[in-house]
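Since the structure comes first, as structure tokens, the remarks are kept for the end.
A short reminder: the numbers here are calculations on the coordinates, not readings from a lab. It should be emphasised that the depicted structure is a prediction, and the values quoted were computed from it without experimental measurement. Here the Cβ positions follow ideal geometry from the backbone for every residue, glycine too, while neighbour counts run over all protein chains shown.
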Amino acid sequence: MAPTRTETTPTIHKVTVEILDSCKGCGLCLLTCSAKALVAAPSRPPKILTQNCTGCLDCVDVCPAGSISFYYEAPKEKEPRGKGCLQ
Ligand code: SF4
Ligand code: SF4
């Protein structure tokens, strides 16, 4: 099963990052990430340091295997405060 990580970053409310097992280990994403948010993981797809990720998606564009996907989750609506009566 593909590794999936769900993390919170300072610049994006919530992002789920998938680096699929189709990763060929070419290292292009590591070289492309100017935020140093990707690190090599021996015998595995790269590990993402979400606290560094700016969400630029350069790694998605450069991956020749199409192995990186990002899913953004919209911030939740704030709950109304207290209880009210509309009558
Ligand atoms: S989205 Fe940008 S900052 Fe985040 S891991 Fe990919 S290349 Fe790095
Ligand atoms: S660019 Fe794609 S195939 Fe290459 S190491 Fe990164 S995730 Fe794997």
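Listing for the model above:
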| item | result |
| --- | --- |
| Relative packing of peptides 62-71, 46-55 - highest average C-beta neighbours within 10 Å first | 46-55, 62-71 |
| Note, ³J(HN,Hα) from phi for the range 16-31, Karplus 6.51, -1.76, 1.60, rounded to Hz, x at Gly and Pro | 9, 10, 10, 10, 7, 5, 6, 3, 9, x, 6, x, 4, 5, 5, 6 |
| Other-chain or far-sequence residues with amide H under 5 Å of S67's (modelled H) | none |
